[in-house]
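Read through the structure below, which is laid out as structure tokens, and then see the notes.
The values are calculated or read from the model by the stated rules, or taken from the named source; none is laboratory data. It should be emphasised that the depicted structure is a prediction, and the values quoted were computed from it without experimental measurement. With ideal geometry, Cβ positions are generated from the backbone for all residues, glycine too; neighbour counts draw on all protein chains shown. The area values use the complete protein model at the heavy-atom level, side chains included, leaving out ligands, DNA and RNA. Shrake-Rupley method; radii C 1.70, N 1.55, O 1.52, S 1.80 Å.
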Amino acid sequence: EKWNNAISQLEQAIRIHPKKYPDYHFAMGHCQNKTGNFQESVNSLIRFINFRPSNIKGWKEIIIVLFENGYYEEAFHECDTAFRMTGGKTIFTYFKSAIFFKLGKRKEGLALLENAISRAPRLLKEFISMDPAFLQRPSIVKVINNHLKTKGKSKKKDK
């Protein structure tokens with residue numbers, strides 16, 4: 001967690017090979033976020049995404065950075081773009097759901113959460129990691145429990 005040392009090393013690496021290793025920009029974005037340099041973090045992540053527009057990790061990271069810093073509208077826009085650029089990955093449906101909850105759009109958030117859980121239940125942990133306080137909302141817990149009950153019933157039918 002020596003973020004400033006890492007930033008210094010990455011700056012040198014990027015100067016030497018500005019286009020050869022796009023992952024340097026990803027790492028720089030992550031480190032900049034950890035040190036509170038929001039704008040530099042976003043800029044580095046945008047550079048990474050420009051190199052690898054269909055790479056899920058870059059989109060996830062920029063959405064998380066925007067979300068953590070309260071830029072929900074921007075994060076929502078990036079979710080739409082990421083969904084399109086990555087072939088409709090469900091993780092971005094979970095992220096949009098989390099953003100809807102932060103924007104106070106509970107019904108839309110629940111609808112997307114139900115959709116995401118039905119498509120990729122293993123990614124639920126990504127939704128919860130966006131804001132663990134989501135588990136304190138009865139409506140979210142109800143959606144998760146309903147999915148678990150449905151999943152349990154389908155396993156019994158299979159036996």
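Can you work out ³J(HN,Hα) from phi for every residue in the stretch 11-28, in order, using Karplus 6.51 cos²θ - 1.76 cosθ + 1.60 and θ = phi - 60°, giving whole Hz and x for Gly and Pro? Result, rounded to whole Hz: 4, 5, 4, 5, 4, 6, 10, x, 10, 6, 10, x, 4, 4, 5, 4, 4, 4.
Expressed as a whole percentage, what fraction of the accessible surface of the stretch 1-50 belongs to carbon and sulfur atoms when a 1.4 Å probe is rolled over the protein heavy atoms? Before the final figure, lay out each step's value.
Details: 1500 of 3120 Å².
Carbon and sulfur: 48 percent of the exposed surface of the stretch 1-50.
Here the stretch 74-105 and the stretch 12-73 have alpha carbon centers that stand 17 Å from each other. When a/c is below 1.5 the answer is rounded, else prolate if a/b is larger than b/c, else oblate, so apply that to the stretch 20-67 with a ≥ b ≥ c taken from the square roots of the Cα gyration tensor eigenvalues. Cα axes put the stretch 20-67 in the oblate bin.
In deg cm²/dmol and to the nearest 500, what is the mean residue ellipticity at 222 nm of the chain if only DSSP H runs of at least 4 residues count, each as -39500 (n - 2.57), divided by the residue total?
Working: 9 runs with 121 residues, N = 159.
Calculated mean residue ellipticity at 222 nm is -24500 deg cm²/dmol.
Note on surface exposure: Arg137, Arg119, Arg84 rank Arg84, Arg119, Arg137 by accessible area, highest first, 1.4 Å probe.
For the chain, the longest principal axis of the alpha carbon atoms and the long axis of helix 72-85 meet at an angle near 90°.
Entry comment: accessible area of the chain is 60 Å² per residue, from protein heavy atoms only and a probe of 1.4 Å.
Just want to confirm a number: the relative contact order over the stretch 65-133, from Cα pairs under 8 angstrom separated by 6+ residues, in percent.
Reported relative contact order: 29 percent.
In percent, rounded to a whole number, the relative contact order of the chain is 13, using alpha-carbon pairs under 8 Å and six or more apart.
Shape class for the chain: prolate, because the ratio a/c of the largest to smallest gyration tensor axis (alpha-carbon atoms, square roots of eigenvalues) is 1.5 or more and a/b beats b/c.
Only protein heavy atoms count here; on that basis, with a 1.4 Å probe, His147 has an accessible area of about 50 Å².
Sequentially through the stretch 135-145, phi angles give Karplus couplings (6.51, -1.76, 1.60; θ = phi - 60°) of 6, 8, 9, x, 5, 5, 4, 4, 4, 5, 4 Hz, Gly and Pro residues having no value and appearing as x.
Using +1 on the beta carbon of Lys and Arg, -1 on that of Asp and Glu, and nothing else charged, what's the dipole of the chain about the Cα centre, debye to 20? If you can, show how the numbers build up before the last one.
Numbers: 28 positive and 15 negative charges, 233 e Å.
Here the chain has a charge dipole of around 1120 debye.
The mean sequence separation of alpha-carbon pairs under 8 Å and at least six residues apart, normalised by the residue count of the stretch 1-92, gives a relative contact order of 20 percent.
Rounded, prolate or oblate: which one fits the stretch 59-123, using the alpha carbon gyration tensor with axes a ≥ b ≥ c (rounded when a/c is under 1.5, else prolate when a/b beats b/c, else oblate)?
It is oblate, given that a/c is not under 1.5 and a/b is not larger than b/c.
Would you mind checking the pairs Lys57/Lys89; Lys107/Lys142; Lys19/Lys89; Lys2/Lys57 and listing those with alpha carbons more than 18 angstrom apart?
Values: Lys57/Lys89 11 Å; Lys107/Lys142 13 Å; Lys19/Lys89 27 Å; Lys2/Lys57 22 Å.
Check vs 18 Å cut-off fails for Lys19/Lys89; Lys2/Lys57.
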